[in-house]
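Right, one structure below, let's go through it.
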Amino acid sequence: MARSIVITSGKGGVGKSTITVALGRELCRRNQRVVLVDTDIGLNNLDVLLDMEHRVVYDILDVVKNRCRVRQALVEDNSTAGLFLLPSAHAYEASEISAQNIRLIVNSLSSSFDFVLIDCPAGVELGFHRAVAAAREALVVTTPHVSAVRDASKVIPILKSYGLDSRVVVNRSRGDLVVDSEMADSAGIADVLGCGIAGVIPEDDYINLQSNVIPVRRKKSDGLTAIEVLAQNVLYGTETVYDVTKRYRGILGAFKRGLRKLV
Amino acid sequence: MKTVTDRIRNSVRNGRDSNAEHALKVLKSDEHRLLEDYFDFDPKNLKMTADLLADGNVSLTITLKAKRFKAVGKTLD
């Protein structure tokens, strides 16, 4: 049976979809069979991030309406073999899809995959409940900013009421600001939220470029290393924290921090 | 000195408190609607407090000072 994990946040724009795609790809590289389920009905994003919006034939609404089988609606990623997407509906017909529908779809995918990653819409409205009801675990994505952490703190008790095992992913953390105590560190955020940390992802241009589907030559970056650590934590249940401050400590680090402030 | 984490911690705490206060307000308005079928009272005299106990249970206390007990239909005649 697959592990069904909902990637949620409460606040929009914190990087749920980007992390869903990056984590899915990384798990695939570790020989896991992964399917991404986009439950943001009407505001589909994952197909765009995976550069497959022109290859979508059927979507989740077609599956719900019995116009196709789940397998027929899946689209495989070009760049990562074994990574599939169940696309969200293009038209805004969210009311046609219930939590029970999503749960049935996730259950039917469970036998063929190791991981079902459910990309949750922002907010705590119907779409959120629909996505969360189908999952058994949750990754709560937040940035180190006060508004995002506050929203995450409101989402975590709801996830607990669903009986989900939740862990936090701190996205877009800036090591230079953390060293200067101008940004909250992951330990502080975990303490405030009362949740374990699944990953810390630094602010990284490479991830930004990748999410715009721009081909980039650079093969290794801090962001990608942090995603690898996140995938390892998800896979094995560990809580290894990627140190975003390591580049900015010491004399050379102080110089880099100074430079970053000047630019 | 107040750190960034302290600022976040305060904001999260305030958010939780305001959530609880909001829930209590909704409960109070529901209770008011129910009780006014049975009693004549000044809304100021309806008091409601909720305490979170150490064992995780919630103790809810509703106090009402009513002017008159209304007859509801003919059941109280």
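The condition of being under 21 Å from A:Ser110 (Cβ atoms) and acidic (Asp, Glu) holds for only one of A:Asp38, A:Asp47, that being A:Asp38.
It is to be established whether one or more residues within the stretch A:135-147 are modelled with pLDDT under 95 and part of a helix (DSSP H, G or I). Scanning the stretch A:135-147 turns up at least one residue that is modelled with pLDDT under 95 and part of a helix (DSSP H, G or I).
In the stretch B:1-14, the qualifying residues are those that are at pLDDT 80 or above and either more than 17 Å from A:Ala190 (Cβ to Cβ) or more than 7 Å from chain A (Cβ to nearest Cβ) (or both), and the one that is farthest from the chain's Cα centre (by Cα) is B:Asp6. Of the residues that make up the stretch A:23-40, is at least one in contact (Cβ under 8 Å) with a residue 40 or more places away in the chain, among the polar types (S, T, N, Q) and closer than 19 Å to A:Ala94 by Cα? Scanning the stretch A:23-40 turns up at least one residue that is in contact (Cβ under 8 Å) with a residue 40 or more places away in the chain, among the polar types (S, T, N, Q) and closer than 19 Å to A:Ala94 by Cα. Residue selection: A:Asp151 fails the criterion of being touching a residue at least 12 places away in the same chain (Cβ under 8 Å), touching a Phe, Trp or Tyr at 6+ places or on another chain (Cβ under 7 Å), within 14 Å of another protein chain (Cβ to nearest Cβ) and in a helix (DSSP H, G or I). Residues in the stretch B:1-14 that are of a type in the set (Ser, Thr, Tyr) and part of a helix (DSSP H, G or I): B:Thr5, B:Ser11. Out of A:Lys261, A:Lys220, one residue alone is of a type in the set (D, E, K, R), away from chain B (no Cβ under 14 Å) and assigned to a helix (DSSP H, G or I). It is A:Lys261. Of A:Glu93, A:Glu76, all but one fail to be in contact with a strand residue (DSSP E or B) (Cβ under 8 Å, 6 or more places away or on another chain), of a type outside the set (Lys, Arg) and surrounded by fewer than 16 Cβ atoms within 10 Å (Cβ to Cβ); the exception is A:Glu76. Scanning the stretch A:233-263 for residues that are under 11 Å from A:Asp176 (Cα atoms) and free of Cβ contacts under 8 Å to residues at least 60 places away in the same chain gives A:Ala254, A:Phe255, A:Gly258, A:Leu259.
Within the stretch B:31-73, the set of residues being under 25 Å from B:Asp17 (Cβ atoms), in contact (Cβ under 8 Å) with a residue 24 or more places away in the chain and of a type in the set (Ser, Thr, Tyr) is empty.
Once the stretch B:15-57 is narrowed to residues that are among the basic types (Lys, Arg) and assigned to a helix (DSSP H, G or I), the residue that is farthest from the other protein chains (Cβ to nearest Cβ) is B:Arg33.
Does A:Ser181 satisfy being at pLDDT below 95, surrounded by 17 or more Cβ atoms within 10 Å (Cβ to Cβ) and facing chain B (nearest Cβ under 8 Å)? No: the conditions fail for A:Ser181.
The values are calculated or read from the model by the stated rules, or taken from the named source; none is laboratory data. Bear in mind that the values here come from a model prediction, so they are computed numbers and not experimental data. Heads up, the Cβs are rebuilt from the backbone with ideal geometry, glycines too, and the neighbour counts pull from every protein chain shown.
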